[in-house]
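Written below as structure tokens is the structure these notes are about.
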Amino acid sequence: MKVAVIEKEKVVLKETNNISLDGKKGAIVKVLGCGLCGSDIVKLREHISKDGTVLGHEIVAQIVEINSKTSFKAGDKIITSHHIPCGKCNYCKNGNVSMCEHFKSTNIFPGGFSEFVFVSEEHLQNVAHLIPENLSEIEASFYEPLGCCVRAVKRGNLKKGSTVLVIGLGSIGILMSQALKAFGVDVIGCDLIDERVELLKSFGVNAINVKNLSEDFEFDAVYMTSGSDKAIDTALKYVRNGGTILIFSSTPMNFGYPNNEIYYRELTVLGSYSPSPDDLKDSLELLKNGEVKVKNISTVYLQKDIQQAIEDTVSNKIMKAYIKISE
């Protein structure tokens with residue numbers, strides 16, 4: 001089978017042995033396509049993942065071999081997330097599922113940018129779902145990233161009618177803005193790229209170029225989906241005293257938020273990372289019901305062109321890549 005692996009700071013296509021169940025519980029799935037996540041690019045650029053690693057986790061797939069007590073069967077087209085919390089540890093009991101050691105240790109194998117992937121029985125039981133008939137494969141690939149946004153919305157613990165500014169309208173900012181609106185808050189998204197502002201507007205959410213933000217604007221919460229260090233200053237400028245800044249991005253310089261600003265202004269600054277199985281269920285409902293729209297966000301690349309997809313994403317030529325693996 002063909003796999004896209006990291007090799008000397010790039011991702012290249014290679015042939016490797018096919019995988020099979022060999023008596024294990026779970027399923028072998030043929031990957032139809034896989035979204036390129038910003039975290040994949042970070043792992044590559046920051047040398048977090050070693051040579052030989054197969055990245056990718058936003059998979060849309062078809063079951064080809066299965067040994068499971070679930071109702072899934074060969075031929076089913078599914079989506080699945082890659083991590084599963086144990087539900088029993090101190091992290092899980094306190095709602096910090098993405099800090100759970102079991103969560104961090106579970107994954108699909110070898111990775112989403114592979115022709116075939118092993119999905120465990122635990123995945124099938126907890127985070128895998130049939131693709132709804134009204135969603136295309138590309139739309140369904142947003143199941144996991146939207147789940148991350150759903151978790152961030154819940155983490156913000158905002159009252160209905162709260163005002164929220166989303167800084168950064170890449171694919172996550174577009175999803176986050178719509179998820180916030182679906183949960184009943186008043187959202188404005190902002191970005192420096194007008195095309196992204198217009199795309200969010202086309203999905204029915206207010207949006208504005210950052211340069212045109214009024215000095216008088218003040219928000220109950222600011223959601224940071226931009227990876228720019230300068231965005232921190234924007235967040236501090238527009239969050240009201242006593243408000244919340246939710247961080248859903250890493251920044252190159254890894255600057256922090258000023259201690260005295262947090263102290264004297266009574267700000268809440270919190271992070272959000274990965275979703276629970278319940279967050280993922282909510283994500284699927286939002287996609288299925290059309291409350292979050294994802295058309296025209298992705299650009300399709302073939303598996304052999306994955307390195308080009310990465311370069312085009314980094315250079316902002318595209319918003320998000322969907323890597324087509326199989327028919």
Given a Förster distance of 56 Å, report the FRET efficiency between Asp186 and Asn17 from their Cβ-Cβ distance, rounded to the nearest 0.05. 0.55
Chain lengthening between Asn67 and Glu122 when straightened (0.36 nm per residue, less Cα-Cα): 18.6 nm
About the Cα centre, and with charges only on the beta carbon of Lys, Arg (+1) and Asp, Glu (-1), how big is the dipole of the chain? Nearest 20 debye, please. 460
Cut-off under 5 Å, modelled amide H: who pairs with Val166 long-range: Ile188, Gly189, Cys190, Tyr223
Order these by the 10 Å Cβ neighbour count, fewest first: Arg196, Arg155. Arg155, Arg196
Highest GNM mean-square fluctuation, the chain, Cα pairs closer than 10 Å: which of Ile174, Ile193, Ile28? Ile193
How many Lys pairs in the stretch 132-235 lie less than 27 angstrom apart by Cα atoms, where the lysines are 8 or more positions apart or on different chains? 13
Tell me the net charge near Lys237. Cut-off is 10 Å between Cβ atoms, Lys237 excluded, with +1 for each Lys or Arg and -1 for each Asp or Glu. -3
Of the options Met319, Leu175, Thr234, report the single residue whose Cα projects farthest towards the positive end of the charge dipole of the chain (beta-carbon charges: Lys, Arg +1; Asp, Glu -1). Leu175
Given points 7 Å out from each Cα along the Cα-Cβ axis, report the Glu311 to Asp278 separation in nanometres with one decimal. 4.6
With charges set only on the Cβ (+1 for Lys and Arg, -1 for Asp and Glu), what does the dipole of the stretch 147-271 come to about its Cα centre, in debye to the nearest 20? 480
Where only alpha carbons of the chain are counted, the Rg and the Dmax (Å): 19.7, 64
Stokes-Einstein diffusion coefficient of the stretch 92-236, Kirkwood radius over Cα pairs, 37 °C, 0.692 mPa s, in µm²/s: 191
Treating each Cα of the stretch 157-259 as an identical point scatterer and ignoring solvent, apply the Debye formula and state log10 I(q)/I(0) at q = 0.17 Å⁻¹. -0.70
Partners for Lys8 among lysines (Cα-Cα distance below 19 Å; same-chain residues under 8 apart left out): Lys43, Lys50, Lys304
Simple spin-label estimate for Glu101 and Lys295 in nanometres, 7 Å along Cα-Cβ: 4.8
Roughly how compact is the stretch 235-298, stated as its Cα Rg over 2.2 N^0.38 Å to two decimals? 1.53
Would you be so kind as to identify which of Pro277, Val185, Gly256 lies farthest towards the positive end of the dipole of the stretch 183-327, taking Lys and Arg as +1 and Asp and Glu as -1 on Cβ and the Cα centre as origin? Pro277
Of Thr106, Thr53, Thr70, the most mobile residue in a GNM of the chain (C-alpha springs, cutoff 10 Å) is Thr70
Roughly what % antiparallel, to the nearest 5, for the DSSP beta bridges in the chain? 55
In nm, to one decimal, how far is the modelled label at Lys211 from the one at Leu270, with both set 7 Å along Cα→Cβ? 3.6
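Relative contact order of the chain: what whole-number percent is it, with Cα pairs under 8 angstrom and at least 6 residues apart?
Relative contact order, the chain: 19 percent.
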Helix runs (DSSP H) in the chain reaching 18 Å along axis by Cα, Kyte-Doolittle at least -0.5: 143-156
Determine the principal axes of the Cα atoms in the stretch 54-135, then give the extent along each, sorted from largest to smallest and rounded to whole angstroms. 38, 28, 27
3J(HN,Hα) from dihedral phi, the stretch 16-23, Karplus parametrisation 6.51/-1.76/1.60, rounded to Hz, x for glycine, proline: 9, 5, 5, 10, 9, 5, 6, x
Please report the net charge: other residues with Cβ closer than 9 Å to the Cβ of Leu32, K and R +1, D and E -1. +1
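Quick note: the coordinates plus some simple rules give every number you see, no bench work behind them. Keep in mind it's a predicted model, so treat the numbers as computed, not measured. Cβ atoms come from the backbone with ideal geometry, glycine included; neighbour counts cover every protein chain shown.
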